[in-house]
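Colleague: Structure provided below as structure tokens; questions to follow.
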Amino acid sequence: MRYLTAVEDSPPGAARWIPVAEPNLCGREREYVLDCIDTGWVSSRGAYVDRFEAAFAAFCGAPHAIAVANGTCALHLALIALGVGPGDEVIVPALTYVATVNAVRYVGATPVFVDSDPATWNIDPAKVAEAITSRTRAVIPVHLYGNPCDMQALGRLADAHGLAIVENAAEAFGSRYRGRMSGSLGTIGTFSFFGNKTITTGEGGMVVTADAELARRVRLYKTQGVSPGRQYDVEVVGYNYRMTNPQAAIGLAQLENGAALVAAKRAVADRYRERLLGVAGLRVQAETPSGFNSTWMFSLVVEDGFGLDRDGVMARLLDRGVETRPVFPACHRLAPYRDEALTLPVAEDLSRRGLNLPSSTRLSVADVDYVADCLLECRRRS
Ligand SMILES: *Cc1c(COP(=O)(O)O)cnc(C)c1O
């Protein structure tokens, strides 16, 4: 049951095409979407939005879950709900998807970039401590590629300095830290359901929190600032950040298979570990102590001793029909946030030498072995 467009996308001559990520719509997605069409509930009201929110809150072990249009507006709403604004500083990892930082800019606050831990690749709590000032209002830990952040150390810092934690769990559906689900570990948590994420709604996102007042504010700002139950009574300047009922229908069906999809991700990662751990010149992203990494993307560093550099490996793998991704660029090197004076060696090194391998839930053991074989051949031939 392979995804047809993936095969059609094959570069000419490639016998095989293994995409880095692809959606797995293997449950009741079709049935639920057709139900939306048959009943006419295709906009942002309807039973599936409520059902998806309730099921997602239960999955995360959090009292409130609010479905939104995408993961970026989930972050934006989280910061608005916390009252973060101009003059405030928000500590972010330099090594993350740029949406994290854009959301800080949307509210007029200043992102403060912090380096990563070289083993886990996540924001380094010791560096966070050094970056805190009297203007710091919040920290946004990002569980990079699914690997949970050191939430205990970050929690201690947040408590000591009165900071909010906006947990960006966009890549960490089903990850856990000390037995608790990601998304429920901070003051407020956010998810993305973009097409390449562990569960998808096409485009979509979720805000999760235990705080009823934050949840109320997220709902208010998500719907043009309109008071609940009073259709044209506008309290604040809000946004239209709603998720549609068909999106939520897909999301509910995905969530029904959530545990199985996480298990499939983890099985892919476990097989890669069996094949690649301890190989000279490859350094796999280390799982956080006390954490469970649902492994949205299995990731490693191609070290200088490997024989071929990261970009060379990517080109060689592409020739063999294996799609890979470079690790995100460090955000302080991107045009809108460029800061030549700032040097963050770990983030810069990971973005130069880091690689995501195909990590789709649809991969078989034979597929993973093929990718591992192709990667190991790079070393032998060079
Ligand atoms: C996917 C992602 C987001 C949000 O993405 P959307 O495309 O807006 O849903 C935010 N942060 C990180 C780290 C992500 O991986």
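Colleague: Dividing the Cα radius of gyration by the Kirkwood radius, what Rg/Rh value follows for the stretch 4-154?
Modeller: For the stretch 4-154, the value is 1.06.
Colleague: For the stretch 86-199, what is the Kirkwood estimate of the hydrodynamic radius, computed as the reciprocal of the mean inverse distance between distinct Cα atoms, to one decimal in Å?
Modeller: Kirkwood radius, the stretch 86-199: 13.9 Å.
Colleague: Report, to two decimal places, the Cα Rg of the stretch 295-339 normalised by 2.2 N^0.38 Å (N = number of residues).
Modeller: Against the compact-globule rule of thumb, the ratio is 1.42.
Colleague: Straight distance only, please: which lysines reach the Cα of K197 with their own Cα at less than 23 Å, same-chain residues fewer than 8 apart left out?
Modeller: Reachable lysines: K222, K265.
Colleague: Still on this structure, please answer the following. Taking 37 °C and 0.692 mPa s as the conditions, I'd like the Stokes-Einstein D for the stretch 141-186 in µm²/s, using the Kirkwood hydrodynamic radius from alpha carbon pairs.
Modeller: 312
Colleague: Please tell me the relative contact order of the chain in percent, rounded to the nearest whole number, where contacts are Cα pairs under 8 Å and at least six residues apart.
Modeller: 23
Colleague: Next question, about the same structure. Averaging over every viewing direction, what projected area does the convex hull of the Cα atoms of the chain cover, in nm²?
Modeller: 19.4
Colleague: Can I ask one more? Name the most mobile residue of L255, L75, L144, meaning the one with the largest mean-square fluctuation, in a Gaussian network model of the chain with Cα contacts below 10 Å.
Modeller: L255
Colleague: Which order do the peptides 226-236, 155-165 come out in when sorted by mean C-beta neighbours inside 10 angstrom, highest first?
Modeller: The peptides rank, most packed first, as 155-165, 226-236.
Colleague: Pairwise over distinct Cα atoms, reciprocal of the mean inverse distance: report the Kirkwood radius of the stretch 55-143 in Å, one decimal place.
Modeller: Over the stretch 55-143, the inverse of the mean reciprocal pair distance is 13.9 Å.
Colleague: Subtracting the Cα-Cα distance from 0.36 nm times the residue separation, let me have the gained length for E256 to D50 in nm, one decimal.
Modeller: Length difference between fully extended and current span is 72.7 nm.
Colleague: Which whole-number value in Å³ per residue fits the convex hull of the alpha carbons of the stretch 203-315?
Modeller: Dividing the Cα hull volume of the stretch 203-315 by its residues yields 197 Å³.
Colleague: What percent of all Cα-Cα pairs in the stretch 164-211 falls into each 10 Å bin, going from 0 up to the bin containing the maximum distance?
Modeller: Pairs per bin, as whole percents: 31, 51, 18, 0.
Colleague: So for the stretch 65-144, taking the charge dipole from beta-carbon charges (+1 Lys/Arg, -1 Asp/Glu), which of T72, V90, I132 sits furthest toward the positive end?
Modeller: T72
Colleague: Next question, about the same structure. Nearest-5 percent of antiparallel DSSP beta bridges in the chain?
Modeller: Beta bridges within the chain, antiparallel portion: roughly 65 percent.
All of the numbers you see were taken from the coordinates with simple rules; none came from a lab. It should be emphasised that the depicted structure is a prediction, and the values quoted were computed from it without experimental measurement. Counting neighbours? That spans all protein chains shown, and the Cβs are built from the backbone with ideal geometry, glycine included.
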